[in-house]
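First comes the structure, then the notes that go with it.
The values are calculated or read from the model by the stated rules, or taken from the named source; none is laboratory data. Because the structure is a prediction, the values reported are computed rather than measured. Cβ atoms come from the backbone with ideal geometry, glycine included; neighbour counts cover every protein chain shown. Heavy atoms of the whole protein, side chains included, go into the accessibility calculation; ligands, DNA and RNA do not. Shrake-Rupley method; radii C 1.70, N 1.55, O 1.52, S 1.80 Å.
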Amino acid sequence: AQASAATDEQQNKGESQATSIKRLFMFKCDLIQIIGNLSYKSTAMQDLMRELDGLSLVLDNMRIDDNHPFIKEYAVVALKWLLENNKASHDYVRGVENGKLTLDPSIAASGIQVDVDDKGKLSLKKTDEKEDPHNILARTMALEDRNRVVVLKDRVENISGADYPMGFDSEDVPFHLENFRDGLDIKIIRVTPTDIEFDLIGVDASIANALRRILIAEIPTMAIEKVYMINNTGIMQDEVLAHRLGLIPILADPNEFQWKRSGDPPTDQNTIVFKLDVACKAIPNVPESETDPKKKYENSSIYSSHIVWEPKGDQEIRFANSPVRPIHDDILVTKLRPGQVINCELHCEKGIGKDHAKFSPVATASYRLLPDIQILEDITGEDAEFFRGCFPPGVVDVVEENGVRTARVVNPRKDTVSREVLRHKQFDGKVRLTRVRDHFIFNVESTGTIAPEMLVSQALDILIEKCDISKAALERAVKGSEEDE
Amino acid sequence: MNAPERFEMFLLPEGGRKIEITKDPKMTNCLLFRIQREDHTIANVLRYRLLSHPQVLFCAYRSPHPLEYLIELKVQTTSRTTPIDVMKEAIQSLMLEYGNIRSMFENELVRVLPSAGGDAAMMAPRVPASSFGGFGAMDVAPSEFGMATDIGGRSDRPDDVDIDF
């Protein structure tokens with residue numbers, strides 16, 4: 001009673017003497033101090049304080065007040081004396097802790113929801129207003145959009161998506177092998193003796209690109225490297241003929257052969273020898289009116305079938321089951337006329353595409369991103385038919401939905417993204433052409449030396465080996481610099 | 001006339017060092033790796049992997065000149081780790097990643113082509129005679145990846161590997 005009376009008195013004083021700030025300064029701290037001191041080691045006073053609402057008064061002052069410096073600390077000390085050995089007061093304060101919040105209405109107006117969890121921690125959230133389906137669609141699309149490269153009429157947007165790889169907005173997504181393994185997927189769509197089509201999903205573009213580059217340039221094969229001209233009286237110059245011979249794909253397993261450095265002698269382990277020995281002759285007894293050179297002359301056209309393998313050393317035994325030969329027999333090398341002769345010895349060596357394109361084991365290796373056609377507003381009736389015509393057959397289908405013929409995307413994979421749709425004004429704002437950023441559709445076409453599926457495996461091996469080389473080199477460089485120091 | 005030989009793109013000259021490391025004079029905790037006889041194939045992938053590392057502040061690569069076959073990779077990290085450690089981790093995780101892709105591919109292949117296992121044996125015979133190391137003592141040891149050594153003939157591909165770093 002004393003304390004509260006004293007408080008009231010002081011407050012009255014404060015109101016009547018509002019101008020004398022100096023006296024108001026720190027007066028609350030003194031009051032709190034008095035309250036604390038009165039309750040020191042006196043259970044009766046503590047109970048009295050609690051009944052007169054003194055506890056909540058002290059708790060209210062647990063804050064920073066510029067006019068009353070250190071009031072928080074004073075309040076803490078006062079609270080200590082108020083609660084010491086007083087269970088009832090303890091329970092009171094505990095009850096206050098998990099009390100309800102009183103919110104200023106302006107908080108709700110700005111769309112923020114305030115929550116208190118069991119531990120008394122505050123959390124702020126944006127309130128979810130009632131959204132109509134269109135907004136929800138837009139929002140889910142916005143989330144997926146991070147993963148989409150947008151194809152517009154005159155340019156491509158959102159190519160990199162983030163400042164750095166695997167980062168979206170301001171989220172940091174550090175790499176973890178487990179997460180990666182979950183996201184990664186490989187699907188083989190089609191394998192034939194000459195090509196393979198497979199999907200690589202969940203990797204970054206740099207990895208897919210590295211794989212493509214290796215497929216084109218760094219898988220070793222055998223190809224004709226040296227042509228020893230003994231006799232060439234044909235129309236085609238020596239070097240042109242040699243160039244053409246080099247481009248002929250040779251069916252020989254490169255793993256069976258060793259590399260040949262420029263100083264090394266040719267051995268049966270690093271070289272394959274072919275012979276091209278042809279002469280063109282006139283065929284006797286052919287009617288004068290005949291114009292087709294194939295009928296008039298023998299060997300008028302020289303094909304890759306004329307190249308004969310000469311096994312050296314133990315090659316005959318090694319390749320007994322799969323003799324070495326050009327893959328295709330019908331590659332036209334040159335043309336001759338009667339009296340012209342070509343006699344040359346061809347040496348085949350191991351090389352990679354980086355050195356010369358003739359060593360590339362793929363006709364081509366390429367990838368594209370999976371297209372994703374987003375229909376923002378339903379396209380119905382005649383427009384739907386026209387819409388279907390804008391895409392390759394099988395991409396879009398017109399279906400009956402609620403009695404209305406609407407266009408639906410059935411198989412976006414077949415789409416070639418020709419952007420025909422974007423040319424027509426009637427579809428403005430209704431359709432969005434995008435591509436999925438991490439879904440790579442690979443198409444690897446082999447020339448025939450190596451099976452296409454083996455090509456991909458080998459390419460991955462070579463990539464791993466490259467990393468290994470770098471790792472070893474790094475260790476040596478580090479060791480070297482340490483020794484220098 | 002001035003063009004270098006094509007084989008310069010991947011063959012390291014005698015006594016040449018594969019990786020040279022220099023400290024960047026202006027930034028702290030920043031190293032410049034000059035990797036000889038490599039191109040965008042490995043550089044871009046390394047850069048991508050390094051950027052996903054939470055301790056890396058800066059990572060970029062460039063190919064200073066198209067006729068000089070080397071790449072410069074600059075890495076800066078926080079003070080908690082060093083660029084060399086981060087680089088080692090990046091290369092290691094890259095190898096694991098590609099190893100993972102490879103094994104997934106093999107599994108998928110077996111699912112699609114039941115005879116795939118047989119093909120592998122045919123295409124990559126382990127003929128010991130062909131792989132005597134006439135090209136110097138490079139021990140290719142991607143040992144964590146059993147797959148790599150399964151495809152025979154790896155050890156006779158020393159063109160860019162037969163060097164003393």
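Going through (1) in contact with a Leu (Cβ under 7 Å, 6 or more places away or on another chain); (2) open to solvent by 70 Å² or more (accessible area, probe 1.4 Å); (3) part of a strand (DSSP E or B) one by one, A:Ile373 falls short only on (2).
Filter the stretch B:79-91 for residues that are within 7 Å of chain A (Cβ to nearest Cβ) and touching an Asp or Glu at 6+ places or on another chain (Cβ under 9 Å); which is surrounded by the fewest Cβ atoms within 10 Å (Cβ to Cβ)? Applying the filter and picking the extreme gives B:Lys88. Listed by first and then second residue, the pairs linking a residue in the stretch A:356-378 that is among the basic types (Lys, Arg) to a residue that is open to solvent by 30 Å² or more (accessible area, probe 1.4 Å) and not in a strand (DSSP E or B), with Cβ atoms under 8 Å apart and 6 or more places separating them unless they lie on different chains, are A:Lys358/A:Leu247.
Give me a count of the residues in the stretch B:58-78 that are within 12 Å of chain A (Cβ to nearest Cβ), out of contact with any Phe, Trp or Tyr (no Cβ under 8 Å at 6 or more places or on another chain) and in contact (Cβ under 8 Å) with a residue 24 or more places away in the chain. Quick ask: steps written out before the conclusion?
If we filter the stretch B:58-78 for residues that are within 12 Å of chain A (Cβ to nearest Cβ), which is where we start, we get B:58-61, B:69, B:71, B:73, B:75.
Now drop any that are not out of contact with any Phe, Trp or Tyr (no Cβ under 8 Å at 6 or more places or on another chain), which leaves B:58-61.
Checking the rest, the ones that are also in contact (Cβ under 8 Å) with a residue 24 or more places away in the chain come to B:58.
The number of residues fulfilling the criteria is 1.
If you check A:Leu455, A:Leu460 for being within 27 Å of A:Asp185 (Cβ to Cβ), out of contact with any Phe, Trp or Tyr (no Cβ under 7 Å at 6 or more places or on another chain), among the aliphatic types (A, V, I, L, M) and in contact (Cβ under 8 Å) with a residue 24 or more places away in the chain, only one passes: A:Leu455.
Could you tell me which residue of the stretch B:24-51 is nearest to A:Ile464 (Cα to Cα), considering only residues that are basic (Lys, Arg) and either free of Cβ contacts under 8 Å to residues at least 40 places away in the same chain or in a helix (DSSP H, G or I) (or both)?
Going residue by residue through the stretch B:24-51, those that are basic (Lys, Arg) are B:26, B:34, B:37, B:47, B:49.
Keeping just the survivors that are either free of Cβ contacts under 8 Å to residues at least 40 places away in the same chain or in a helix (DSSP H, G or I) (or both) gives B:26, B:34, B:47, B:49.
Details: B:Lys26: 34, B:Arg34: 20, B:Arg47: 16, B:Arg49: 14 Å.
Among those residues, the one meeting the criterion is B:Arg49.
Output yes when any residue across the stretch B:19-31 is open to solvent by less than 20 Å² (accessible area, probe 1.4 Å), touching an Asp or Glu at 6+ places or on another chain (Cβ under 8 Å) and not aliphatic (A, V, I, L, M), and no when none is. Checking the stretch B:19-31: at least one residue is open to solvent by less than 20 Å² (accessible area, probe 1.4 Å), touching an Asp or Glu at 6+ places or on another chain (Cβ under 8 Å) and not aliphatic (A, V, I, L, M). Checking the stated criteria, A:Glu483 turns out not to satisfy the condition of being within 18 Å of A:Arg155 (Cα to Cα) and more than 8 Å from chain B (Cβ to nearest Cβ).
Condition check ((1) over 28 Å from B:Arg102 (Cβ atoms); (2) more than 10 Å from every other protein chain (Cβ to nearest Cβ); (3) open to solvent by 60 Å² or more (accessible area, probe 1.4 Å)) across all residues:
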site	(1), (2), (3)
A:Glu400	yes, yes, yes
A:Asp428	yes, yes, yes
A:Arg435	no, yes, no
A:Gln458	no, no, no
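Going through (1) open to solvent by 60 Å² or more (accessible area, probe 1.4 Å); (2) touching a residue at least 60 places away in the same chain (Cβ under 8 Å); (3) closer than 30 Å to A:Asp253 by Cα one by one, A:Gly339 falls short only on (3). Every listed requirement among (1) over 30 Å from A:Ile302 (Cα atoms); (2) touching a Ser or Thr at 6+ places or on another chain (Cβ under 6 Å); (3) at pLDDT 75 or above is met by A:Phe175 save one, (3).
Check B:Glu89, B:Glu97 and return the single one that is under 23 Å from A:Ala208 (Cα atoms) and in contact with a Ser or Thr (Cβ under 9 Å, 6 or more places away or on another chain). Exactly one residue qualifies, and that residue is B:Glu89.
Residues in the stretch A:331-380 that are among the hydroxyl-bearing types (Ser, Thr, Tyr) and out of contact with any Lys or Arg (no Cβ under 8 Å at 6 or more places or on another chain): A:Ser360, A:Thr364.
The numbered conditions (1) open to solvent by 10 Å² or more (accessible area, probe 1.4 Å); (2) at the interface with chain B (Cβ under 9 Å from one of its Cβ atoms); (3) in contact with a strand residue (DSSP E or B) (Cβ under 7 Å, 6 or more places away or on another chain) are all true for A:Ala451 except (3).
Of the residues making up the stretch A:350-403, those that are touching a strand residue (DSSP E or B) at 6+ places or on another chain (Cβ under 9 Å) and among the acidic types (Asp, Glu) are A:Asp372, A:Glu377, A:Asp378, A:Glu382, A:Asp383, A:Glu385, A:Asp397, A:Glu400, A:Glu401. I'd like to check something: does the stretch A:463-471 contain any residue that is open to solvent by 30 Å² or more (accessible area, probe 1.4 Å) and within 11 Å of chain B (Cβ to nearest Cβ)? Yes: the stretch A:463-471 contains one or more residues that are open to solvent by 30 Å² or more (accessible area, probe 1.4 Å) and within 11 Å of chain B (Cβ to nearest Cβ).
Residue-by-condition table, conditions (1) on the phi > 0 side of the Ramachandran plot; (2) open to solvent by less than 20 Å² (accessible area, probe 1.4 Å); (3) over 54 Å from the mean Cα position of the chain (by Cα):
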{"residue": "A:Ile230", "(1), (2), (3)": "no, no, yes"}
{"residue": "A:Leu241", "(1), (2), (3)": "no, yes, no"}
{"residue": "A:Gly246", "(1), (2), (3)": "no, yes, no"}
{"residue": "A:Pro254", "(1), (2), (3)": "no, yes, no"}
{"residue": "A:Gln258", "(1), (2), (3)": "no, yes, no"}
{"residue": "A:Asp264", "(1), (2), (3)": "no, no, no"}
{"residue": "A:Thr267", "(1), (2), (3)": "no, no, no"}
{"residue": "A:Lys275", "(1), (2), (3)": "no, no, no"}
{"residue": "A:Ala279", "(1), (2), (3)": "no, no, yes"}
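Does A:Met62 satisfy being modelled with pLDDT under 80, under 18 Å from A:Gly95 (Cα atoms) and open to solvent by 30 Å² or more (accessible area, probe 1.4 Å)? When the stated conditions are applied, A:Met62 passes them. The condition of being more than 16 Å from A:Gly448 (Cβ to Cβ) and open to solvent by less than 50 Å² (accessible area, probe 1.4 Å) holds for only one of A:Leu346, A:Leu332, that being A:Leu346.
Annotation note: of A:Leu474, A:Leu422, the sole residue that is crowded, with 17+ Cβ neighbours inside 10 Å and away from chain B (no Cβ under 14 Å) is A:Leu422. The residue pairs whose first member lies in the stretch B:2-23 and is more than 7 Å from every other protein chain (Cβ to nearest Cβ) and in a strand (DSSP E or B), whose second member is among the basic types (Lys, Arg) and surrounded by 12 or more Cβ atoms within 10 Å (Cβ to Cβ), and whose beta carbons are closer than 8 Å, counting only pairs six or more residues apart or on different chains, are B:Thr22/B:Arg34.
Only one of the numbered conditions (1) among the basic types (Lys, Arg); (2) within 24 Å of A:Thr449 (Cα to Cα); (3) free of Cβ contacts under 8 Å to residues at least 12 places away in the same chain is violated by A:Lys294, and that is (2).
Would you pick out the residues in the stretch B:67-108 that are among the acidic types (Asp, Glu), in contact with a strand residue (DSSP E or B) (Cβ under 7 Å, 6 or more places away or on another chain) and more than 20 Å from B:Thr41 (Cα to Cα)? B:Glu108 - this is the single residue of the stretch B:67-108 that is among the acidic types (Asp, Glu), in contact with a strand residue (DSSP E or B) (Cβ under 7 Å, 6 or more places away or on another chain) and more than 20 Å from B:Thr41 (Cα to Cα).
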